[in-house]
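I have placed the structure first, in the form of structure tokens, so that the comments after it can refer back to it.
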Amino acid sequence: MNRDKILFLAVVLLFALVNGYLLAAGELPADWTGVGVIVAAGLTLALYSFLYKDNPLFKFAEHVYVGIAAAYTFGQVWFPTLYGELLRPIFTDDPEVAATASVWLLVPTVLGILMLTRFSSRFGWLSRISFAYYVGLGAGLAIPRYISANVLAQMAPSLQPLSFSWEGLTLVLVMVGVVSVLIYFFFSVEHTGAVGVVSKVGIWFLMVSFGASFGYTIMGRLSLLIGRVQFLLDDWLHLM
Amino acid sequence: MLFLRRTLPMILAFVTGIIGISIYYVPHSSAQGLEEVLARWLRIVYAFAFFLGLFSLLNLHWRRVRARQAGWGYSLIVYLSFGLMIFFVLYNDGTGPFSPQARAGGYQWLFLNVQVPCGATMFSILAFFISSAAYRTFRARTPEAAILLVAAVIVMLGRVPVGAYIHDFFPAAAQWLMDVPNMAAKRGILLGVSLGIVATSLRIIFGIERSYLGGGEE
Amino acid sequence: MIDRLLNIDRRIIFVFVFIGVAVPLLLDFNLPVKITPSSQAMYDRIEQVAAEGEGIVLLSFSYGPSTVPEIQPMVLSILRHCFSHDLKVVAICLWPDAVGLAQQALETVSAEYGKEYGADYAFMGYKPGGAIVIVNMGQDLHSAYPQDNWGKASSELEVTSNIHSLRDFDFVIDFAAGNSVDHWWVPYGQEKYKFPLGAGCTAVVAPDLKPYQNSGQLVGMLGGLAGAAEYEKLVGQPGSATAAMTSQSSTHLILIAFIVLGNAMYFISRRSARSQ
């Protein structure tokens, strides 16, 4: 038996012993809630075993997650939308719910079913009708909104009257930053001379932004780890 | 046949795209009513789109099992866990699939005790790898990299209580970095990305961009 | 020696990180949390809604299990703040994975304040479509959500019966793990219907939302676990986020030490390579 197999068996045995103790001592309730905590702790540790080495326990937990998550999403699509909006209003006794039924809902139902023909080599072309509606309407809805919200509304605060004050200096700095970053991303013109200088300033602003994003990303990832360790130490082991 | 397979979808994309743009600017109640109907229909079509992803996932794992590829046993685990959860979805705490969603039951239990811990743990593993990467590869080799590094360190210290404990400079500097240079750069990126989205949307509406039609026989 | 340190087994780094996280949690001491203007703005808006009387808040859940440690604490704090002022709450989900999390948060906090489902709060559940759901809600909430998550007609719920569209909400808060604020809520919702919009987001997303705060499209923002801890302090109910900030501080210091050490050894090895 090699070292990894011994380590694996030792960890499983320790896990079983710890849980046995927690149940016997009453720290974990002997009901579905307690079983749930044990299952959650087991899956958490199985996934963390990847930090030592890729192993069957990690792969098992990973694949269980994939299957459960896919089926959960099915439930969230079925109950509120496919059943709730398309089927239930037709068959229900509740008059308020029945009032939401409409024969026009046959249109998106048919479009949705046509979309599923994507997997057929013979009838797959029918799905293009659904995708055309989906993509075309999405593109049309996006254009005026993005222009208004992300272009015009973003340009306005950068084009305010200047003043000899800290706010005025900040405004100048922001304007310089926005313009230099936009010029940096304009690759149709060679970045030499004046354009090169402005583009260099843009790079500095981008580096500060990426540094801030990196700092926040580290913070975010560590927060997730802290959350899991809190679960293990508090909800499972009751050490906190 | 070419009309049905290619031209009709492109006409539909054009018409729905133009309608989508126009109804934004028309305040009349009929235009707003049309927007509401079209959006509701699109929502329902989106629900069917989920099955495309589900089919792809299950098909991928089925092919692995059938061909007995390396690790096919894990693909069987995917099917078993999917089957277990689907059972509880359809059981719906005793009321069946043709009732509104139940508030409790195996479905909720599996979500809270399997999906949530697995999902949270998978992403928390990144904390370890980001730490290792920061030690091994985060080098101030150039002035630009040094700027990035200094900004990252200031933000990391400024956003946690220990930074303020060390000196008030760190939270103030972190706040300024976020509100001024970071904001300016993000705004520049946002303007560029938004103009790109508008350009791509126009290309789709006018039929220049046709990748959404997919490949295959025309 | 320096080469060995530069190429150290990464599992040793993992151990340091784990110790940095676990030890402060076990020692149970807290450092004071400093409130940022973004978090204060969120708090002030809810206080303003409460002062105006009979307010209603829409909470949008756009996150999943992977970001629960960051976002769930801020959800709980905001719910406590709303319920403590007797504000009505309507909850929707734009991510399917958020449904169970939203349900858990609503049930936990409503029980603390004795709030009644239907009269004080409502949970409308998940609808696929993201931005399209917002467009639909902007025109007619009952068209987007004809029933709540449990099958009751939205026209029959006291909380939602008088709500016609997004314009009728006094404050909308999106809890975002992805780009639901900048790609969905701002362009498809706030821009046209001009309701006050706030965000509770992960730390990864927070820097991207700064332009919207500056332009006034976002009232305020809670960024990451630090934002959650700040809000817990503002509402006077410290929870898991506050407890986590000491670990956050220690791990940040450890990481900064690693970065400084790594760079120091890199420059030393580079200089000695040059001198050879």
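The values are calculated or read from the model by the stated rules, or taken from the named source; none is laboratory data. A quick note: this is a predicted structure, and the numbers were derived from the prediction, not measured. FYI the Cβ positions are ideal-geometry reconstructions off the backbone, even for glycines, and counts take in every protein chain you see.
Restricting attention to segment C:81-105, the residues that are within 21 Å of C:Leu234 (Cβ to Cβ), out of contact with any helix residue (DSSP H, G or I) (no Cβ under 6 Å at 6 or more places or on another chain) and either assigned to a helix (DSSP H, G or I) or aromatic (Phe, Trp, Tyr) (or both) total 2. Given the criteria part of a loop (DSSP other than H, G, I, E, B), of a type outside the set (Gly, Ala, Ser) and within 7 Å of another protein chain (Cβ to nearest Cβ), does A:Thr100 qualify? When the stated conditions are applied, A:Thr100 passes them. Of the helices (runs of 4 or more DSSP H) entirely within segment C:1-52, those holding at least 3 residues that are at the interface with another protein chain (Cβ under 8 Å from one of its Cβ atoms) occupy C:10-27.
Answer yes or no: is there a residue in segment A:23-45 that is surrounded by fewer than 20 Cβ atoms within 10 Å (Cβ to Cβ), in contact with a Gly (Cβ under 7 Å, 6 or more places away or on another chain), farther than 30 Å from A:Ala101 by Cα and among the aliphatic types (A, V, I, L, M). Checking segment A:23-45: at least one residue is surrounded by fewer than 20 Cβ atoms within 10 Å (Cβ to Cβ), in contact with a Gly (Cβ under 7 Å, 6 or more places away or on another chain), farther than 30 Å from A:Ala101 by Cα and among the aliphatic types (A, V, I, L, M). For beta carbons closer than 8 Å, sequence separation of 6+ or different chains, a first residue in segment B:114-125 that is within 12 Å of A:Leu224 (Cβ to Cβ) and a second that is outside any helix (DSSP H, G or I), the qualifying pairs are B:Gly119/C:Gly64; B:Gly119/C:Asp97.
Each residue in segment C:106-126 was checked for being farther than 26 Å from C:Glu191 by Cβ, outside any loop (DSSP other than H, G, I, E, B) and either not assigned by TED's automatic domain parsing to the domain that holds C:Asp168 or not polar (S, T, N, Q) (or both), and 9 of them qualify.
Of all the listed residues (B:Ala127, B:Ala120, B:Ala146, B:Ala152), the sole one being among the aliphatic types (A, V, I, L, M), assigned by TED's automatic domain parsing to the domain that holds B:Ala173, under 27 Å from the mean Cα position of the chain (by Cα) and more than 30 Å from C:Asp140 (Cα to Cα) is B:Ala152.
Does A:Tyr184 satisfy being aromatic (Phe, Trp, Tyr), within 30 Å of C:Thr246 (Cβ to Cβ) and without any contact (Cβ under 8 Å) to a residue 40 or more places away in the chain? Here the answer is no, as A:Tyr184 does not meet what is asked. Counted as qualifying within segment B:68-167 are the helices (runs of 4 or more DSSP H) with 1 or more residues that are at the interface with chain C (Cβ under 7 Å from one of its Cβ atoms) and not aliphatic (A, V, I, L, M), namely B:106-110, B:116-137, B:161-166. Within the option set B:Val15, B:Val45, being surrounded by 15 or more Cβ atoms within 10 Å (Cβ to Cβ) and under 24 Å from the mean Cα position of the chain (by Cα) holds for one residue only, B:Val45.
For C:Glu232, the requirement of being modelled with pLDDT of 95 or more, of a type in the set (D, E, K, R) and either surrounded by fewer than 24 Cβ atoms within 10 Å (Cβ to Cβ) or within 16 Å of the chain's Cα centre (by Cα) (or both) is met.
Close Cβ contacts (under 9 Å, 6 or more residues apart or on different chains) running from residues in segment C:139-159 that are aromatic (Phe, Trp, Tyr) to residues that are assigned to a helix (DSSP H, G or I) comprise C:Tyr145/A:Pro80; C:Tyr145/C:Val133; C:Tyr145/C:Asn136; C:Tyr145/C:Met137; C:Tyr145/C:Ser154; C:Tyr145/C:Thr160. Residues in segment B:56-67 that are in a helix (DSSP H, G or I) and surrounded by fewer than 14 Cβ atoms within 10 Å (Cβ to Cβ): B:Ser56, B:Asn59, B:Leu60, B:Arg63, B:Arg66. In a residue-by-residue description of segment B:168-182, the property of being more than 9 Å from chain A (Cβ to nearest Cβ), outside any helix (DSSP H, G or I) and in contact with a helix residue (DSSP H, G or I) (Cβ under 9 Å, 6 or more places away or on another chain) applies to no position. Taking B:Arg203, is it crowded, with 21+ Cβ neighbours inside 10 Å and without any contact (Cβ under 8 Å) to a residue 40 or more places away in the chain? No; evaluated as a whole, the condition is false for this residue. For segment C:205-226, filtered to residues that are in a loop (DSSP other than H, G, I, E, B), touching a residue at least 24 places away in the same chain (Cβ under 8 Å) and not polar (S, T, N, Q), the residue that is farthest from the other protein chains (Cβ to nearest Cβ) is C:Val219. When A:Met240 is tested against (1) facing another protein chain (nearest Cβ under 7 Å); (2) in contact (Cβ under 8 Å) with a residue 24 or more places away in the chain; (3) not in a helix (DSSP H, G or I), just one condition goes unmet, and that condition is (2).
Can you say whether A:Ile143 is at pLDDT 95 or above, in a helix (DSSP H, G or I) and within 10 Å of chain B (Cβ to nearest Cβ), as far as the supplied structure shows? The answer is yes for A:Ile143. One residue alone among A:Val135, A:Val77, A:Val107 is surrounded by fewer than 19 Cβ atoms within 10 Å (Cβ to Cβ), at the interface with another protein chain (Cβ under 7 Å from one of its Cβ atoms), more than 30 Å from C:Asn214 (Cβ to Cβ) and at pLDDT 90 or above, and that residue is A:Val107. The number of residues in segment B:22-40 being in contact with a helix residue (DSSP H, G or I) (Cβ under 6 Å, 6 or more places away or on another chain), more than 10 Å from chain C (Cβ to nearest Cβ) and not aliphatic (A, V, I, L, M) comes to 0. Answer yes if at least one residue in segment A:16-26 is over 22 Å from the mean Cα position of the chain (by Cα) and part of a loop (DSSP other than H, G, I, E, B), and no otherwise. Yes, that holds for at least one residue.
Residues in segment C:127-152 that are surrounded by fewer than 24 Cβ atoms within 10 Å (Cβ to Cβ) and farther than 23 Å from B:Gln32 by Cβ were compared, and the one that is nearest to the other protein chains (Cβ to nearest Cβ) is C:Gly151. Can you confirm whether segment A:166-185 contains a residue that is of a type in the set (S, T, N, Q), more than 32 Å from the chain's Cα centre (by Cα), at the interface with chain B (Cβ under 9 Å from one of its Cβ atoms) and part of a helix (DSSP H, G or I)? Within segment A:166-185, one or more residues are of a type in the set (S, T, N, Q), more than 32 Å from the chain's Cα centre (by Cα), at the interface with chain B (Cβ under 9 Å from one of its Cβ atoms) and part of a helix (DSSP H, G or I).
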